[in-house]
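Here is the structure we will look at.
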Amino acid sequence: MAIRIDGKVISGIIKDEVKAEVSALKEKGIDVTLAVIQVGEDPASTVYVGNKKKACAYTGIVSRAYNLPEDVSEEELLSLIRKLNDDSDVNGILVQLPLPKHISESRVIETISPKKDVDGFHIQSAGALLTGEKGFLPCTPAGIIELIKRTGVDITGKECVVIGRSNIVGKPMAVLLLRENGTVTICHSKTKDLRSVTKRADILVAAIGKPKFIDASYVKEGAVVIDVGIHRNENNKLCGDVDFESVEPVAYAITPVPGGVGPMTIAMLMKNCLEARKQQG
Ligand code: NAD
């Protein structure tokens, strides 16, 4: 049986590390503050935002909630972001995605000051990641690196295959694995003979957005398998991009859904907020 990589436990350790530092800052009279903006009332977004607020409460980070109506204009949203950029009491700004169609996500992301870009989505953060400069790392891929390392797996020299090339998961994931000295291949919807590539992977990251797509036939014996996908199955239960029952017997280690990558994303967000506060002096 494969090692079940426990994202709940590992994220708990990271949140406790953040909590200790936040509390030490509080003793000096310094607060860490995250502004969380939600547009509309999409139920999934409400759950994600709620989980982020809970993590803030746990770690001692102050969360300021801004709930804007679905039909808010792009200009109103951008002007709120500019106001928060200029507010020295706010250390991090998060805009919950996706946004309604009439608002340009890229314009919104580019308006957030790179100094407060705790999601790590700003083009400056992406550039810093690519060139190895200091900058905020996108939370999901950064959390995955922590999961792999804290499982005791050395990435150096390993064949790493990432399925998915989105800006928030696939691409930064590949760059981070490269930074850890992995030999990295990115697969996507136009990849020919996906199985022949994924079968080479010592470390396989599935960020496809298709429920239970990866079964044992895609996985090399002894691989570390990281499942980024989040879906609801026909019984309304959470599942990932990986068919857990099929893959677990062949893998060395595997993340479950729920309780794998998901909690890490939030823990890394807390870490980025703390880092933002420290950098802002
Ligand atoms: P996306 O839809 O932007 O990207 C999916 C990628 O998969 C694309 O690059 C596409 O080329 C590739 N793909 C699609 N079909 C394929 C196929 N048949 N073969 C090979 N590649 C294929 O999705 P995303 O934003 O990167 O998210 C991926 C999944 O991760 C989703 O299920 C999302 O809900 C989940 N997610 C989870 C977290 C978390 O915290 N756990 C965070 C972000 C995203």
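The values are calculated or read from the model by the stated rules, or taken from the named source; none is laboratory data. Note that the structure is a prediction, hence the values are computed from the model and not measured. Cβ coordinates were reconstructed from backbone atoms using ideal geometry, including for glycine residues, and neighbour counts include every protein chain displayed. Calculation scope for accessible area: heavy atoms of the full protein, side chains included, ligands and nucleic acids excluded. Shrake-Rupley method; radii C 1.70, N 1.55, O 1.52, S 1.80 Å.
Table for the structure above
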quantity: Test: residue in region 177-186 that is touching a helix residue (DSSP H, G or I) at 6+ places or on another chain (Cβ under 6 Å), of a type in the set (A, V, I, L, M) and open to solvent by 70 Å² or more (accessible area, probe 1.4 Å); calculated: yes
quantity: Which listed residue, of Ala65, Ala55, Ala142, is over 30 Å from Ile186 (Cα atoms), small (Gly, Ala, Ser) and touching a helix residue (DSSP H, G or I) at 6+ places or on another chain (Cβ under 6 Å); calculated: Ala55
quantity: Positions within region 103-116 being surrounded by 15 or more Cβ atoms within 10 Å (Cβ to Cβ) and in a loop (DSSP other than H, G, I, E, B), in sequence order; calculated: Ile103, Ile112, Ser113
quantity: Residue among Asp71, Asp89, Asp119 that alone is within 16 Å of the ligand (Cβ to nearest atom) and in a loop (DSSP other than H, G, I, E, B); calculated: Asp119
quantity: Condition check for Ser189: within 10 Å of the ligand (Cβ to nearest atom), open to solvent by 60 Å² or more (accessible area, probe 1.4 Å), free of Cβ contacts under 8 Å to residues at least 60 places away in the same chain and of a type outside the set (A, V, I, L, M); calculated: yes
quantity: Any hit, region 120-133, residues being closer than 15 Å to Asp227 by Cβ and free of Cβ contacts under 8 Å to residues at least 40 places away in the same chain; calculated: no
quantity: Some residue of region 225-236 being near the ligand (Cβ under 8 Å from one of its atoms), among the acidic types (Asp, Glu) and buried (at least 23 other Cβ atoms within 10 Å of the Cβ); calculated: no
quantity: Residue tally, condition in a loop (DSSP other than H, G, I, E, B), hydrophobic (A, V, I, L, M, F, W, C) and within 14 Å of the ligand (Cβ to nearest atom), over region 130-148; calculated: 1
quantity: When residues of region 192-204 are limited to those that are open to solvent by less than 10 Å² (accessible area, probe 1.4 Å) and touching a helix residue (DSSP H, G or I) at 6+ places or on another chain (Cβ under 8 Å), the one farthest from the ligand (Cβ to nearest atom); calculated: Ile203
quantity: Count of residues meeting criterion [free of Cβ contacts under 8 Å to residues at least 60 places away in the same chain, open to solvent by less than 90 Å² (accessible area, probe 1.4 Å) and more than 10 Å from the ligand (Cβ to nearest atom)] in region 149-171; calculated: 8
quantity: Residue pairs meeting the criteria (Cβ under 9 Å; at least 6 apart or on separate chains; first free of Cβ contacts under 8 Å to residues at least 60 places away in the same chain and under 11 Å from Thr33 (Cα atoms), in region 79-90; second assigned to a helix (DSSP H, G or I) and among the aliphatic types (A, V, I, L, M)); calculated: Val90/Leu84
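Let's see how each residue does on (1) small (Gly, Ala, Ser); (2) surrounded by 12 or more Cβ atoms within 10 Å (Cβ to Cβ); (3) assigned to a helix (DSSP H, G or I):
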| residue | (1), (2), (3) |
| --- | --- |
| Ile10 | no, yes, yes |
| Ala44 | yes, no, yes |
| Val49 | no, yes, yes |
| Lys54 | no, yes, yes |
| Lys101 | no, no, no |
